[in-house]
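Structure, as structure tokens:
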Amino acid sequence: MPADATNSNHSCPRCNVSLADVQMGQDHLQQCPQCGAVFVDRKTFQKICTDQNTQTCALALKPPPPAPIAAAKPYLKCPQCRQLMNRYKFARGSAVVTSICRAHGIWLDRDAPRLIIEFIRGGGLERAREVENELGKMAKAAEELDRALAIGDSSHTPII
């Protein structure tokens, strides 16, 4: 556990040990002293994604040595409300899956903060937005073609 950490009244949904409240620059988060995962509120997560100083502070956090984790749990309970969190891929191409409680925050497994920051700093968000824009354009064109074919518009003759 980091020297500036104190135990919180929440527990890790994977390890079932008390999370440590950890200061991260001007912000704080909760970290599992066993598996190294962190739980952050939405505001702090947004700062990790957008603010270079916060990213530097997040990268400076040292997780505990790797420890064996009991059976993998695909859906985790929020450390605060104990309701199941939803799983989301961070961004197209990132390979990072987060667990989100809409009311309380985002659960990030051990290396996820570092992977997210590296993805962002490497231009991954811009590439993901470009792909999403292209997919949106393709879907719109497909809808227009479907409509044209449905009403018999001869200006869009299908190629056979």
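Structural remarks
- Residues in the range 49-81 that are more than 25 Å from Q23 (Cβ to Cβ), exposed (fewer than 14 other Cβ atoms within 10 Å of the Cβ), over 18 Å from the mean Cα position of the chain (by Cα) and not small (G, A, S): P68 alone.
- For the range 13-26, a tally of residues being assigned to a loop (DSSP other than H, G, I, E, B) and crowded, with 19+ Cβ neighbours inside 10 Å returns 2.
- Residues (in contact with a Gly (Cβ under 9 Å, 6 or more places away or on another chain) and within 16 Å of I117 (Cβ to Cβ)) located in the range 19-46: L29, V40, T44, F45
- Matching residues in the range 9-48 - criterion: being more than 17 Å from the chain's Cα centre (by Cα) and of a type in the set (V, I, T): V17, V22
- Filter pass, R102 being modelled with pLDDT of 90 or more, at positive phi and of a type in the set (K, R): no
- Counted residues, the range 27-40 - those being surrounded by fewer than 20 Cβ atoms within 10 Å (Cβ to Cβ) and touching a helix residue (DSSP H, G or I) at 6+ places or on another chain (Cβ under 8 Å): 2
The values are calculated or read from the model by the stated rules, or taken from the named source; none is laboratory data. All of these numbers come straight from a predicted model, not from anything done at the bench. All Cβ positions, glycine included, derive from the backbone under ideal geometry; neighbour counts span all protein chains shown.
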